[in-house]
Amino acid sequence: FEKGDYLVLQNEISEIGYIMERAREKGMVLVFNPSPMDDKISSYPLEYVDYFLLNEIEAGDICGEQGSSEELLQKLSDKFPASKIVLTLGGDGSLYRDGQRILTQGIYKVPVVDTTAAGDVFNGALTVALSEGRSQLEAVRFACKASAISVTRVGAQSSAPYRNEVDIFE
């Protein structure tokens, strides 16, 4: 691993704090989804996170209180001013915040079959697009398209779309 590489972490493995510290030392871009939430989250060096990818419940847990999506976005930005925040809102799309800039992305309306992997597909697709140098708006749109495709299919791994499917999705 080297400077500029993207590292995606979820709260499903051990030694997350240690991994975050080593990633920071190497100059990696750290993308963190705090799912599943637990008390250990507060012990991690969250100030090292470059991108938070979370839903409203996770955001409220990290902030210590619930609120509207706009309030949570503001609180997270105040708490982690150097981080970029992507707040997923389920059927209401997502919000992206980078400093004072806020981008809103709606969903792509599709027939929903299974939402099991929607968040994971969103997170993976967003990270792919960012690592390719796409703008934040393009990256969020790409992630929303991938997630929209995934909910039209049953299962987790089997619902993840191929790249060409996302590229041609309208």
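The values are calculated or read from the model by the stated rules, or taken from the named source; none is laboratory data. Just so we're clear, the structure is a prediction, and the values are computed from it rather than from any experiment. In this analysis, Cβ positions are derived from the backbone assuming ideal geometry, glycine residues included, and neighbour counts consider all displayed protein chains. Accessible surface areas use protein heavy atoms only, side chains included; no ligands, DNA or RNA. Shrake-Rupley method; radii C 1.70, N 1.55, O 1.52, S 1.80 Å.
Here are the numbers for this structure:
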{"item": "Qualifying residues in the stretch 59-94 (those that are assigned to a strand (DSSP E or B) and open to solvent by 30 Å² or more (accessible area, probe 1.4 Å)) - the one farthest from T115 (Cα to Cα)", "result": "K84"}
{"item": "Condition met for L126 (part of a helix (DSSP H, G or I), touching a strand residue (DSSP E or B) at 6+ places or on another chain (Cβ under 9 Å) and among the aliphatic types (A, V, I, L, M))", "result": "yes"}
{"item": "Checking D114 against (1) in contact (Cβ under 8 Å) with a residue 40 or more places away in the chain; (2) within 18 Å of L137 (Cα to Cα); (3) in contact with a helix residue (DSSP H, G or I) (Cβ under 7 Å, 6 or more places away or on another chain), the condition it does not meet", "result": "(2)"}
{"item": "Cβ pairs under 9 Å, 6+ apart, first in the stretch 151-170 and touching a residue at least 40 places away in the same chain (Cβ under 8 Å) and more than 17 Å from V140 (Cα to Cα), second in a helix (DSSP H, G or I) and open to solvent by 40 Å² or more (accessible area, probe 1.4 Å)", "result": "A156/D120"}
{"item": "Residue list for the stretch 1-46, restricted to those being among the polar types (S, T, N, Q) and in contact (Cβ under 8 Å) with a residue 24 or more places away in the chain", "result": "Q10, N11, N33, S35, S43"}
{"item": "Tally, over the stretch 131-164, of residues that are open to solvent by 20 Å² or more (accessible area, probe 1.4 Å), hydrophobic (A, V, I, L, M, F, W, C) and part of a helix (DSSP H, G or I)", "result": "1"}
{"item": "Given (1) under 13 Å from T116 (Cα atoms); (2) in contact with a Gly (Cβ under 8 Å, 6 or more places away or on another chain), number of the condition V154 does not satisfy", "result": "(2)"}
{"item": "Test: residue in the stretch 105-116 that is under 27 Å from Y44 (Cβ atoms) and hydrophobic (A, V, I, L, M, F, W, C)", "result": "no"}
{"item": "When residues of the stretch 114-130 are limited to those that are at pLDDT below 95 and open to solvent by 50 Å² or more (accessible area, probe 1.4 Å), the one farthest from L9 (Cα to Cα)", "result": "T115"}
{"item": "The stretch 1-33, subset open to solvent by less than 20 Å² (accessible area, probe 1.4 Å) and in a helix (DSSP H, G or I), residue nearest to A129 (Cα to Cα)", "result": "A23"}
